Structures are given as structure tokens and as C-alpha cells.
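Novice: Mind looking over this structure? Questions follow.
The values are calculated or read from the model by the stated rules, or taken from the named source; none is laboratory data. Just so you know, these numbers come straight off a predicted model, no measurement behind them. Cβ sites come from the backbone with ideal geometry, for glycine too, and all protein chains shown count toward neighbours. Note: areas computed on protein heavy atoms with side chains; ligands, DNA, RNA excluded. Shrake-Rupley method; radii C 1.70, N 1.55, O 1.52, S 1.80 Å.
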Amino acid sequence: MRHLSTQEIVFMFIGGLAIFLFGIKFLGDGLQKVAGDKLRDILEKFTSNPIMGVLTGIVVTVLLQTSTGATVLTIGLVNAGFLTFRQAIGVIMGANIGTTATAFIIGLNISEYALPVLALGTFLIFFIKNKKANNFGQVFFGFGALFYGLSLMGDGLRPLRDLEIFRELTISMSETPILGVLIGIIFTVSVQSSTASIGLLQQLYTQGAMDLSAALPVLFGDNIGTTITAVLAALGASLAAKRAAAAHVIFNLVGTIIILTIIRPYTAFIASMGERFNLNPAMEIAFAHGIFNGANVLLQLPFIGVIAWIILKVIPGKETEIEFKAQHLDPAIVGQSSSIALGQAKKETLRMAELAQQGLSEAGAFVDTKKTRHAELTYQFEDAINNLDRKITDYLVQVSTNSLSDDESRVHSTLMNTVRDLERVGDHMENIVELTEYQITNKVKISELAMQDLKEMLELTNETLQQAVESLENDDLMAARSVVLKEEKIDKMERQLRKKHIIRLNEGKCSGAAGIIFVDMISNLERIGDHAVNIAETVIGEED
């Protein structure tokens, strides 16, 4: 093989790393699409005890191809009240085992088939007009890109073994394992992916650029490095996110400390295993990684309660928990009494309405303060509203299979319409948050006068929605009629604010970009007013 220039080495390495990272991301996204919306359901249903939590964490991480992604999903479910913090720790432990799957895939050493696999993926994406085939195409393309990137990276790294300075560094890492751990941490934090840094390590070891006693400390450093990524992601996030990141750090840190005390016998064990089973170098690293993470889980699994207790002491506080699950819908009642079943559905609809009110308040707080916590909570409320929309609608469809009296039919129709209106309220409050996020990202300044008008309209819309829900809860005709009057006021306010905005625009007090955001926001608030009046009108209709 001809001698490579420095430029070729650098380009092959950074290009290979880029293709490899893209391959992992594309593969994970493809697997997620193939799995559909099942990931969340898997996490929700199969985490009843710590062992099931670990197994679920493994499955979800293999499908996502990222332990960070699995952790983020888990945090969302803790915030939603679907999982307890203790269950989440089990999932995080499982995610650590699941993340070793990529190292085993790399160990299969099928780089020579990378290009045909890429071609197969491309064919399925571009030439087959079928969504499922396209999703599988994405999986194959990501798989091929992963191996092609690895192959390029390996070619770029090959000359390293002949560099004196690199040889000295690997000798130092063999003699001082902590140095290898630090290098592993630094590299993983730099590329923001432990999978990429472990893939790189497998290539270096395969090329003979370092021996096993130097490679293993770097591997354990990679494991700690991935927790720092989670810590950075959790800094401005919810309490659940901070606690999950802390669990991740404790788990990997404790495991690394334990393994460093027995690093020499562990290295000898992996080397003898490689010889006995005739493993290629990349597969040796994969086994070292898998055994380390697996043993770490077995060691720490009995202490999940202790870990949870420590973290709750270190990061105290009460999280805003949003109960996603339906609380009043008992399928057994449907067959027994339509009237009681409709009463239960009404209770759940009122709970959904409460979530819509809270979500709108959080959206308003985000518009005012720009604090990301309010945006996060709005999205969670919207998620909970969508979940209840599906559950209540399905329940009401079951009830409609019974023969209903005229009164029951009216209640049934009212609830169906109310649920739909509340779901739309959720969409509009999400739009308001997205518009504010756009404003922050693009540094758009909304004038003080416009902000004042916006806050006033937010307040009025909030009051109108609240009164609409009260009118439904208490069958209050006076409250319902008051909602109709307030909604007329909202409509009038929207027209006035549009005129005021045009005047500000003409006077140069407001930019075009700010104007677009402002007009879209008041338009969303006006629509929420429409949905509030729809709810109130069902009450007026019942009384007439």
C-alpha cells in the first residue's frame, strides 16, 4: 500500500468519523421508525421491577442506538408519572448494557460489505414507494454508513502505530491506567458519543496501534465520558433529568473504580478469552465492554434503593408530576351501566380540561419569562392531553355500543365534542411555545407595548377557558353565557391588536419578524377562545 500524506490521513479520519456518526444516528432513527411508537409503550409496560427495567433498557437502547436517547425517553416518563425514579434507574442500567450492542456489531467485521449494504439501503429508500420499506432502507443505509465510516477511519489511523510519540503514549497508558481513563473521557466528551469513541478504540486496537492493557482503561474512560454528555444535557432540565444523570454518573463511576482495582487480572482474562475463542481484536474490546457493563449491573442492581436514596438526598425537591394515565375510566363499568360510565368519562374529561388550563398557564409563563422549564412543562401537558384524548375517545366509542337514552346520547355527544376541543387547545398552547422558542432562537425583539397587549390577551383567554370548564363541571348556565361574552371580547381584542400592530409597524416601532410572531400568537389565543365557547355552548344547548 502506498504511503499516505498527512492531509490524506487527517481527511480519512475526520471524514470516516463523520460518516460513522451519521450512520449511528441514521440507523437509530430507522430502527425507531420500524419500531413505531412502541418504544414508549415498552418502557411504560415492562418496568414493573428492577430486573424488567434493566431488560427494557437494553431493548430500547439497542433500538435507539444511543443510551442517552433511552435515558431522555425514561426522564420523560418519570416526569409524566408513568415511571418511578427507582424504575428509571433500572432502565438506565439496562441502557448501559444495550449501548454495548454497537461494539459487538463492529466486532463482526463486515466492512467489506459496507458499500453493498449502503446500496441496498439507498435502493429501498429511493426506489420502493412503501413507508415500511423506506424505514428498513434507512436501517440498512445507517448500518452500511457505520461500517464504511469505520473502514475509512481505520485506514486513517493505521500510520499512528509507527509514530514514536503515539507508542510512548500507549506505554504510559499501560503503566498508568488512570491516564487512559482520562483520554477516554476527553475523547467521548469531544465527539459527544461513547459509541464513536469505542469504535475508534476498536480500530486502533485492530491496527496494532495499542495493546490491550492500554486500550481497556480508555474503554472505561469512554464509559464515564458518556455520563458527562447526560450531565450537560440535564443542567437546565427538570429535577427528574438531573437525578437520572446523577444515577448514570454514579453507576459508571462506581463500576470504573471497581474495575481499576482489578485491571491487571481483568486484562489477562480478556486476553485469554480472545485466544480461547479466537476473537478478532474489535470483538475482544466488545466483550471487554459487554462483560464490564453486565457485571457492573449485576453488582449494583441489589443497591438500586440505596442509589435512589442517595440521589434524592443530594438532589432534593418536589417535581411537578403530570399524571398521564387515565384515572376514572373503568372498562368493566361500560357493560354494566352506560350512565355511570358516562359519569366516569365526564370526570376524566374535566381532568383533561384541568391539564389544558395548567398547560396554557405554563405557555403564558414561558412567553413572559422565557424560562425553558415552562416550555418543557407545556409540552408535557400537551402530551398528557393527547394521551387522554385517545383514551377517553376510545372509552366513549365503547359506551356508544350500548343502547343509550336521549339524555345519555346528549351527554355522550357533549363529551366527544369537549374532548376534541380540549385536544385543539393543547395544540394551540404548543404553537404559542414554539413561536416563543422561534423568537428566542432568532433573537427577535417584541416591543414592550406588544408584550403588554399579549399578556392582557393571555389573561383573558385563561379566564375564559377556566370559566368554560367550570360551566361544564357544574352545568352552570350563567358561567356558560359569561364565556360567550368573554369570547366576543377576545375576538374584538384580536382585531384591535392587529390594528395596533400595523400602526407600530408603520411607525417603525416593531420589526416584521416580531410582527409575524405577535399576530400568530394572538391568532392562537383567539382560537383557544373559540374552543372555550364551543365547550360552553354544549352547556347552553343542554339547558335550552
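Novice: Any chance you could check the Cα centroid distance between region 133-161 and region 479-497 for me, in angstrom?
Specialist: Cα centroid to Cα centroid, the span is 59 Å.
Novice: Which value at 222 nm does the chain reach when only helices count, each DSSP H run of 4 or more adding -39,500 (n - 2.57), with the total divided by all residues and rounded to the nearest 500 deg cm²/dmol? Mind dumping the intermediate values first?
Specialist: Values: 23 runs with 449 residues, N = 544.
That comes out to -28500 deg cm²/dmol.
Novice: For region 377-500, divide the Cα radius of gyration by the Kirkwood radius and give the resulting Rg/Rh value with two decimals.
Specialist: Numbers: Rg = 18.1 Å, Rh = 17.0 Å.
Taking Rh as the inverse mean 1/r over Cα pairs, Rg/Rh reads 1.06.
Novice: Tell me the carbon and sulfur percent of the accessible area for the chain, rounded to whole percent, probe radius 1.4 Å. Intermediate values should be presented prior to the final figure.
Specialist: Working: 15160 of 24980 Å².
Accessible surface attributable to carbon and sulfur in the chain totals 61 percent.
Novice: Show me, for region 243-254, the HN-Hα J-couplings you get by feeding each phi into the Karplus relation (A = 6.51, B = -1.76, C = 1.60, θ = phi - 60°), rounded to Hz, glycine and proline as x.
Specialist: My calculation for region 243-254 gives 5, 5, 5, 5, 4, 4, 5, 4, 4, 6, 5, 4 Hz in order.
Novice: Report, by chain and number, residues whose modeled amide H sits under 5 Å from the one on THR66, excluding near sequence neighbours (fewer than 5 apart, same chain).
Specialist: Those lying under 5 Å, H to H, from THR66: there are none.
Novice: Based on Cα coordinates alone, diagonalise the gyration tensor for the chain, multiply each eigenvalue by 5, take square roots, and list the semi-axes in whole Å, largest first.
Specialist: Working: eigenvalues 561, 154, 98 Å².
Each semi-axis is the square root of five times an eigenvalue, giving 53, 28, 22 Å.
Novice: Here's a follow-up. I need to check one value: relative contact order of the chain, counting alpha carbon pairs closer than 8 Å and at least 6 residues apart, in percent. Present the calculation step by step, with values, prior to reporting the outcome.
Specialist: Values: 787 pairs, mean separation 67.2, N = 544.
Relative CO of the chain lands at 12 percent.
Novice: I need the calculated FRET efficiency for the pair LYS455 and LEU312, taking r as the beta carbon distance and R₀ as 45 Å, to the nearest 0.05. All intermediate terms of the calculation are to be shown ahead of the outcome.
Specialist: Working: r = 37 Å, r/R0 = 0.82.
It comes out at approximately 0.75.
Novice: In what sequence, highest mean first, do 339-346, 523-530 appear when ranked by Cβ atoms within 10 angstrom? Intermediate results must be reported in sequence, preceding the final value.
Specialist: Details: 339-346: 19.5, 523-530: 21.5.
Sorting 339-346, 523-530 by mean packing, highest first, produces 523-530, 339-346.
Novice: Using the Karplus curve 6.51 cos²θ - 1.76 cosθ + 1.60 with θ = phi - 60°, what ³J(HN,Hα) values do you get for each residue of region 494-508, in whole Hz, with x for Gly and Pro?
Specialist: With coefficients 6.51, -1.76 and 1.60, one gets 4, 4, 5, 5, 4, 5, 4, 4, 4, 4, 4, 5, 5, 7, x Hz.
Novice: If a/c stays under 1.5 just call it rounded; otherwise compare a/b with b/c (prolate if a/b is bigger, oblate if not). Do that for region 32-191, with a ≥ b ≥ c from the square roots of the Cα gyration tensor eigenvalues. Show your work: numbers first, answer last.
Specialist: Working: a/c = 3.11, a/b = 1.21, b/c = 2.58.
Judged from the Cα gyration tensor, region 32-191 comes out oblate (a/c at least 1.5, b/c at or above a/b).
Novice: Now a separate question. Expressed in nm to one decimal, what extension gain is obtained for the pair ASP368 and MET478 from 0.36 nm per residue of sequence separation less their Cα-Cα distance? Let's see the in-between values first.
Specialist: Values: separation 110, 0.36 × 110 = 39.60 nm, distance 3.19 nm.
Stretched fully, the ASP368-MET478 segment lengthens by 36.4 nm.
Novice: Separate question: Taking θ as phi - 60°, what are the ³J(HN,Hα) couplings along region 418-426 by the Karplus curve (6.51, -1.76, 1.60), each to the nearest whole Hz, with x for Gly and Pro?
Specialist: 5, 4, 5, 5, 5, 4, 5, 4, x
Novice: Kindly flag which residue pairs out of LYS443/LYS509; LYS455/LYS509; LYS371/LYS486; LYS346/LYS455 have an alpha-carbon separation exceeding 25 Å in this structure.
Specialist: Cα-Cα > 25 Å for LYS371/LYS486; LYS346/LYS455; rest within.
Novice: Something else now. For region 91-209, what is the accessible area per residue in Å² when the probe is 1.4 Å? Write out the running numbers ahead of the final one.
Specialist: On the way: 5290 Å² over 119 residues.
Computed with neighbouring chains in place, this is 44 Å² per residue.
Novice: May I ask you to order 382-395, 361-374 by the average number of other C-beta atoms within 10 Å around their residues, highest value first?
Specialist: Working: 382-395: 20.2, 361-374: 18.4.
Highest mean packing first, the order is 382-395, 361-374.
Novice: Over region 268-410, with the other protein chains present, what is the accessible area per residue in square angstrom, probe 1.4 angstrom? Don't jump to the answer; show the numbers that get you there.
Specialist: Numbers: 7010 Å² over 143 residues.
That works out to 49 Å² per residue.
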